[in-house]
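Reviewing the structure listed below.
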Amino acid sequence: MQVHVVRARTRTQMLTETRQRFGENALILRAGKTRNPEGTGFVWEAVIGREETTGNNLFSPRNSNVSDSFDSTEAKAVFGTAGPSSSPRMEAAVRRAAQVARRENELLNRLVSNENLPPECLPLMHRLHAAGFPESDTLAILRKVMDEIRPGEAIEFIRVIKGAKKVLDSQVAVAPARERVRPRLVLFVGASGVGKTSLAAKLAADLALSGDFKPVLGVLEPVKRTGLDFLKGTAEALGLDFVHAKTRHELDLLAERAEMTPIILDSGAVNPHEHVEIQALKDKLWIDGPAEIHTVVPASHSQIDLDTATQAFSEAGSNRLAVTRLDEAPYIGRVLATASRSGMAVGYLSRGPNIPDDLIRPRLDSMIDAVFQRQNIAAL
């Protein structure tokens, strides 16, 4: 394993450059703000541990014979040259990363063996795992792929990959392209801090700046004062009407208005673990007319939290999935797994804080290709 250093002016740039240079198998040993080596202010710095593999096969499983060596030049760049503890500190960090990689490799090999799957499935197992698919989803995909291969028939690698793509294509849906170009009534619902407000602002800005028509931006009250002020400011800057909806009747009126003009609403935070809050949201969302109700979840959440949120908000009437913070957790497999488990069509993705540039309207083929080609999330 080799150690590298990535420095950038912002945190987003640092994470983007790390993914572009080292791919999804890079191990971030340390990340944070540090003083610029040139002595002019501060920069964001990531210390990356990267496994050096041979060959150009993108689907090769991780090498189980990972070296514990490290680049002393890079180590000095991170920890400085003074003091005898610089190299030992880096050595310990790299050894721990190498041990984790080897242990992960051993577990995946054992899992394939225990499930009586042929060894030809191992590269696909590694790829799905690296993309963020949970173990259970990975095994389910592998079993479906193998069900299409007759006993005694040769297992070709390219056929395994095509089979996995076919399975994913049958399990995941994206929202219709037309509604994402010209949506009607759009509501973003979710727990506190998941990115509902910024997602509403991004969509409103994207539609307004496209020049085709001006949407209406607003809130489904109650919402936090900070979120309300932020969206009001966004609407004012874009020259958009701003609306408040407090009752189901007011939502029905907005649904009628949305037949002519897109209406985009943020909503107050709802705890998916609190049945009373979910029921209250359900009562409010019983709208006369079509509405796109997006459950907003961060890609940085655990699969358990993602499943809890999508199940709870689907009971409240949500019919779409929107995933944020893909700059922090660029695991497209987690998005596909959550969409498959929930049955919700993927509406929007967000890869960062920039309005509206970090809003993504993903295509299903692009998301599936990103799993197997290790594309940066910006390519979706």
(request) Taking LYS232 as meeting all but one of (1) touching a residue at least 24 places away in the same chain (Cβ under 8 Å); (2) of a type in the set (D, E, K, R); (3) in contact with a strand residue (DSSP E or B) (Cβ under 7 Å, 6 or more places away or on another chain), write down the number of the exception. (result) (1)
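Residue by residue, here is whether (1) touching a strand residue (DSSP E or B) at 6+ places or on another chain (Cβ under 9 Å); (2) more than 23 Å from GLN13 (Cβ to Cβ); (3) in contact (Cβ under 8 Å) with a residue 24 or more places away in the chain; (4) among the acidic types (Asp, Glu) holds:
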{"residue": "GLN311", "(1), (2), (3), (4)": "no, yes, yes, no"}
{"residue": "ALA316", "(1), (2), (3), (4)": "yes, yes, yes, no"}
{"residue": "ARG320", "(1), (2), (3), (4)": "yes, yes, yes, no"}
{"residue": "ARG325", "(1), (2), (3), (4)": "yes, no, yes, no"}
{"residue": "PRO330", "(1), (2), (3), (4)": "no, no, yes, no"}
{"residue": "THR338", "(1), (2), (3), (4)": "yes, yes, yes, no"}
{"residue": "GLY347", "(1), (2), (3), (4)": "yes, yes, yes, no"}
{"residue": "MET367", "(1), (2), (3), (4)": "yes, yes, yes, no"}
(request) Kindly indicate which of VAL145, VAL243, VAL194, VAL223 is surrounded by 15 or more Cβ atoms within 10 Å (Cβ to Cβ) and in a helix (DSSP H, G or I). (result) VAL145
(request) Mind listing whichever residues of region 272-288 are within 22 Å of GLY343 (Cβ to Cβ) and open to solvent by less than 60 Å² (accessible area, probe 1.4 Å)? (result) PRO272, ILE278, LEU281, LEU285, ILE287
(request) Identify, from the list ARG320, ARG334, ARG351, the residue that is within 12 Å of the chain's Cα centre (by Cα), surrounded by 18 or more Cβ atoms within 10 Å (Cβ to Cβ) and over 15 Å from PRO134 (Cα atoms). (result) ARG351
(message) Restricting to region 41-55, and then to whatever is surrounded by fewer than 17 Cβ atoms within 10 Å (Cβ to Cβ) and modelled with pLDDT of 65 or more, can you tell me which residue is nearest to ASN354 (Cα to Cα)?
(response) PHE42
(message) I need a count of the residues in region 203-217 that are buried (at least 24 other Cβ atoms within 10 Å of the Cβ) and over 16 Å from GLU179 (Cα atoms).
(response) 1
(request) Of all residues in region 252-279, count the ones that are in contact with a helix residue (DSSP H, G or I) (Cβ under 6 Å, 6 or more places away or on another chain) and within 13 Å of GLY190 (Cβ to Cβ). (result) 5
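The values are calculated or read from the model by the stated rules, or taken from the named source; none is laboratory data. These numbers were taken from a predicted model, which means no experiment stands behind them. Every residue, glycine as well, gets a Cβ built from its backbone with ideal geometry; the counts of neighbours run over all protein chains shown. Note: accessible area is taken over every heavy atom of the protein model, side chains too, but ligands, DNA and RNA are not part of it. Shrake-Rupley method; radii C 1.70, N 1.55, O 1.52, S 1.80 Å.
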